[in-house]
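Trainee: Just passing along the structure, written as structure tokens.
Every read-out reported here was derived from the displayed coordinates using simple, explicitly stated rules and does not represent laboratory data. Treat the numbers as computed from the prediction; the structure is a model and nothing was measured. Here Cβ is always computed from backbone atoms with ideal geometry, including for glycine, and neighbour counts include all displayed protein chains.
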Amino acid sequence: MIVVDVSEEELNRFYEKLKQEAESAGYHLNPDEEFTKELLESILINKNRYGYGACPCRLASGIKAEDLDLICPCDYRDPDLDEFGACYCGLYISGEVLSGEKKLTSIPERRPGPDQRTKVDENSHKQTITDLPLPVWRCRVCGYLCAREEPPETCPICKVGKERFERFL
């Protein structure tokens with residue numbers, strides 16, 4: 001087993017940086033600072049070990065191409081936030097959970113098994129707009145576009161709420 005130490009200074013810098021980035025993009029880190037720092041320490045250990053910050057809540061293979069979907073923030077964060085109010089590991093929480101309007105519940109694993117995961121298709125760039133796997137949402141205030149099941153809780157550009165988004169495609 002490889003043991004990779006993370007200094008307290010490195011961890012605190014990472015925490016402050018991620019907290020600022022999350023808040024400026026309309027996301028919220030878990031307010032339990034001790035818990036959050038334990039998760040961040042594991043992300044830093046994975047970054048030192050593998051060369052990328054794999055989410056600590058899932059087992060990374062050590063092969064970046066196979067783990068792209070679980071590099072923090074993972075591909076499952078936003079759907080988990082929309083549906084459950086927190087991501088699978090609990091690093092990110094929704095504004096509703098932060099304000100106490102919504103209670104946390106258990107979050108089921110959303111990541112498909114290895115045999116169900118699709119590899120990057122060299123022909124994927126040939127898709128047409130009608131082939132998009134997710135709807136595209138547009139912020140009516142600033143024009144920000146994002147492709148996901150639901151619009152973001154807060155626009156990362158102009159900071160308006162999700163009610164200001166319209167389905168674009």
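Trainee: Suppose a student asked you for the relative contact order of segment 8-98, using Cα pairs under 8 Å spaced at least 6 residues apart; what percent would you report?
Mentor: 25
Trainee: Please compute the length gained on full extension between D75 and E109, using 0.36 nm multiplied by the number of residues separating them and subtracting their Cα-Cα distance.
Mentor: Numbers: separation 34, 0.36 × 34 = 12.24 nm, distance 1.22 nm.
Taking 0.36 nm per residue and subtracting the Cα distance, the gain is 11.0 nm.
Trainee: Where does each of L145, L91 land when they are ranked from fewest to most other beta-carbon atoms within 10 angstrom?
Mentor: Working: L145 11, L91 27.
So the residues, fewest neighbours to most, are L145, L91.
Trainee: Using a 10 Å cut-off around each Cβ, can you sort R13, R49 from fewest to most neighbouring Cβ atoms?
Mentor: Details: R13 11, R49 14.
Ascending number of Cβ neighbours within 10 Å: R13, R49.
Trainee: What full-extension length gain, to one decimal in nm, is calculated for D5 and E66 as 0.36 nm per residue of separation minus the Cα-Cα distance? Show your work: numbers first, answer last.
Mentor: Details: separation 61, 0.36 × 61 = 21.96 nm, distance 2.48 nm.
Difference between extended and current length: 19.5 nm.
Trainee: Quick one: divide the alpha-carbon radius of gyration of segment 128-167 by 2.2 N^0.38 Å and tell me what you get. Present the calculation step by step, with values, prior to reporting the outcome.
Mentor: Numbers: Rg = 10.1 Å, N = 40, 2.2 N^0.38 = 8.9 Å.
Ratio of Cα Rg to 2.2 N^0.38 Å: 1.13.
Trainee: Counting only pairs 8 or more residues apart or on different chains, how many lysine pairs in the chain have their Cα atoms under 15 Å apart?
Mentor: Taking the Cα cut-off of 15 Å, the pair count is 5.
Trainee: Tell me, what is the FRET efficiency for F35 and N12 to the nearest 0.05, using R0 = 22 angstrom and their Cβ-Cβ distance as r?
Mentor: Details: r = 15 Å, r/R0 = 0.69.
The calculated FRET efficiency here is 0.90.
Trainee: Another question, if that's okay. Is the C-alpha gyration tensor of the chain telling us rounded, prolate or oblate? Criteria: a/c under 1.5 is rounded; beyond that, a/b larger than b/c is prolate, otherwise oblate.
Mentor: Working: a/c = 1.84, a/b = 1.19, b/c = 1.55.
Verdict is oblate for the chain.
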